[in-house]
Amino acid sequence: MYKSLRKIFSENVYLFLGIFIGMYFSSMLSTSLDTTCNRHPKAQEVPEVKHHMAQVIINSSVDKFAPKVLLKKPSPSKKGKLIRPRYYSTELGIREKLFVGIFTSEEKINNQALHINKTIGHLVDKIKFFMTAQYKMKTALNLTGLVGFTDSRSKYRPFQVLKYVCDTFGQEYDYYFFANDYTFINAHKLKDVVKKISVSMDIYLGTRVEDGSYCSLDSGIIISNSVLKALRKHLDWCIMNAISEDQSENIGRCIHHSLGLSCQETVQLESLPSFKLKHFELGSHLKKLVQNQYFNSAVTVYPVLQKDDFYILNAHFLKQRLMTLKDEVNDLSSPLTENWPPGQRAGSKPATRFDLPKQLYFNMSHVFFSDDFTNIREHTEAEMMDIENILEEIKSEVANKYKKDLQFRKLMSGIKTFDLSRGMDYTLDISFRDLNTGKEVIKRFEVCKPLGKIEFIPVPYMTENTRVNIILPIQETEISLGVDFLTTYAKTIMDRKEKTFLMLVFLYQFNSESKGTADPFHEIKNFATKATSKYRNDDAKIAWLSVRLPSYPRPLFVQENQALNFAIVDLTLKKIGLDSLSLLLDVYCNITVDFLNRVRMNTIPHFQVFSPIPFRQYNPKISQHSSLEINKYSGHFDREEYKYISFYGRDYVFARKKYERFMPLVRTDNDISNVIDEDHRNTGNIFEMFLKFSENLHCMRATEMNLRIKYHEEKCPSRRNLFLGTENQLAKLLLTENNILL
């Protein structure tokens, strides 16, 4: 037995030796891991406590609007419907330029901080004052924009301020300027500095302290948005390593750790010069200081401890800036004598001969060839006033220049040209009588009526989420057109689940059937019922309203009785409601989602109605363009069409009550007979009603390329030939075809 065991061991000695060595090293590694695991919590215990203290310090603000850092990340919410920001600037990332933060104390709020606010508060985009407030800030403080911190240790104050500013205003400004409350700030120069620096750079700009690499807070510090966000990520480290009572040094150390930046005294040839006063009484030393170029070029001056010194410095630098602006005006004015009129920019030069501005020939009473469809027309009231005012100015000029030698007789002719970059230029040939010889003298004058200053009108905010209630009248002769409209409407609007409500208004003749298969609108009603069932749970809906027209010797049509538009809207609004956005169309329209969005944005309750100028198609048989494309060969924008209009119900009712003495109200079908008599049938239109009887409403007209009108025969005799085709197309037709069925 012993021999056999010995033999087995001798034959497998290397195997047993390997097993023994493996077990030994395995036990050693296990002991090492156990030791490491036992020591790991102890090693992390101290940093964990420091991290918690850092969070308490930076969250010591008593400002109720200051955001707090969550120690636990909130659970992610479920993705819902995309909500666009309220302002374009938020979505596009457009920021204001400058934020100013002042380090102050409760004792200096009502003196030094107050004076800083009065001198620069109206010039910068935002200003805040940071101070210590143990519990609640005193109500006797005469200053807004205060932020208080409960932690009274001054060395942590910069990090509390940086955290508050980044969390509250981190997305709103390009640059952030920080200074003490005894620093006077030349705000105009400060804004000039930040305007010339690229926002894509990391900026830590100021005046470097002696024998140091950080910027002095006394002279002011500018940091960029990117630097602020980088600091926000490393505030814990900055608080743990804040070993100095010097706030400037703590800020510099934090920036150097976060981005490796030292104080920059020049960035893109821009600097932040400062001037340190040696005397506390500024008034007696100002005369000497104004001769110092370093003082005059300073952006900040410190220390300023007296109340009057802030206003003395402010007056000096404002006077200096005023003199600089006057010199710039003089430099700019000197070459302006080369242009005419002096100070007015020259007209734009056309790139090719096809871009020449249109010149209109006129006399004292008429304008010739004002557009492609008019040969001659009378002056409008505004045009006549312009011509009369110009002639009065010319008479005055001639009387001063020629004394009593010339006597005005008449305007012979004139040419006017409108330049979008300049204004209206007039060239006038005027006849005078020479009082010395009695002969007629014709002189040519050039007059410019420049464009006035552009003013922005504040407009209430509107969104693209408003429901549009479309009013669509359909007559018995328009059944096929109505079906085509509904088919296109279902594909372009309802399939995309747009928030719309289509109200079909069926206009029955007096003796027409309204039930069963004999109903002329039977097909359209079936289509509307199926569409409503298909999109039952969506925002797009269809309904109809039946209107019985009164008895009349001949059939009644909307094209021949404009007053029926008022009857249609009067009756429909009772079903839709007064707080809704209504859009009046007809069966010839071809609309898109973009057009509906334009209606939503341009129709504002109690402020504005919108009447789009549609693109109207030429006769396809003449133009040879069957599609509704926007080009000069297939149609043109019909500026004389006013029946397409959008408005809010209450605005319509307000104007309609005033218009009642011209057009009777239609409350039931029986009242329609009151508006189709000879006195009312062709009276006005809805847009004209808003224009005359809604003084506080803007009436907006604009070309709309997404509102396209199919060709149809025009009933109005004066407009019948405007939509056949262009002059070239009509001429070609006459030359090539003897007979054609239109």
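The values are calculated or read from the model by the stated rules, or taken from the named source; none is laboratory data. It should be emphasised that the depicted structure is a prediction, and the values quoted were computed from it without experimental measurement. Reconstructed Cβ throughout: ideal geometry from the backbone, glycine too, with neighbour counts over all protein chains shown. These accessible areas exclude ligands, DNA and RNA; they are computed on the full protein's heavy atoms, side chains included. Shrake-Rupley method; radii C 1.70, N 1.55, O 1.52, S 1.80 Å.
Overview of values
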item: For H636, distant residues with modelled amide H under 5 Å away; result: R616, Y618
item: Sites R661 and A702 - FRET efficiency at Förster radius 45 Å, r taken between beta-carbons, to 0.05; result: 0.90
item: ³J(HN,Hα), Karplus 6.51/-1.76/1.60, whole Hz, each residue of the range 300-309, x for Gly, Pro; result: 10, 10, 8, x, 10, 10, 9, 4, 5, 5
item: Sequence-distant residues sharing a close amide H with I645 (under 5 Å, placed H); result: L584
item: Sites E383 and K278 - FRET efficiency at Förster radius 51 Å, r taken between beta-carbons, to 0.05; result: 0.15
item: Candidate aspartates and glutamates for bridging to K515, where Cα separation is under 19 Å - those fewer than 8 sequence places away on the same chain excluded; result: E476, E478, E523, D669
item: Residue-span extension gain [S244 to K575] - 0.36 nm each, minus C-alpha spacing; result: 111.7 nm
item: Out-of-range pairs (alpha-carbon distance over 31 Å; input K358/K403; K118/K163; K534/K621); result: K358/K403; K534/K621
item: Whole-number D in µm² s⁻¹ for the range 278-334, Kirkwood Cα-pair radius fed into Stokes-Einstein, 37 °C, 0.692 mPa s; result: 260 µm²/s
item: Normalised contact order of the chain, rounded percent, pairs of Cα under 8 Å and 6 or more residues apart; result: 8 percent
item: Residue-averaged [θ]222 nm for the chain, counting only DSSP H segments that reach four residues, each worth -39500 (n - 2.57); result: -10500 deg cm²/dmol
item: For the range 657-711: rounded, prolate or oblate by the Cα gyration tensor [a/c cutoff 1.5]; result: oblate
item: N728 versus K710: modelled label distance in nm, points set 7 Å from Cα along the beta carbon direction; result: 2.8 nm
item: Amide H partners (placed H, <5 Å) of I542, local residues excluded; result: L502
item: Above-threshold pairs, the threshold being 30 Å between Cα atoms, out of K189/K288; K404/K449; K195/K453; K499/K643; K97/K288; K191/K229; result: K97/K288
item: Accessible carbon and sulfur surface of the chain relative to its total accessible area, %, 1.4 Å; result: 54 percent
item: For the chain, alpha-carbon Rg over 2.2 N^0.38 Å; result: 1.48
item: Mean accessible surface per residue for the chain, computed with a 1.4 Å probe while every protein chain stays in place, in Å²; result: 59 Å²
item: Mean Cα-pair separation over length for the range 199-256, i.e. relative contact order, pairs under 8 Å, 6 or more apart, %; result: 34 percent
item: Derived scalar couplings ³J(HN,Hα) [the range 515-530; Karplus, 6.51 cos²θ - 1.76 cosθ + 1.60; whole Hz; x for Gly, Pro]; result: 9, x, 6, 6, 5, x, 9, 4, 5, 5, 5, 5, 4, 5, 5, 5
item: J(HN,Hα) series, the range 607-622, from Karplus relation 6.51 cos²θ - 1.76 cosθ + 1.60, nearest Hz, glycine and proline x; result: 9, 7, 10, 10, 10, x, 8, x, 8, 10, 7, 6, 4, x, 5, 8
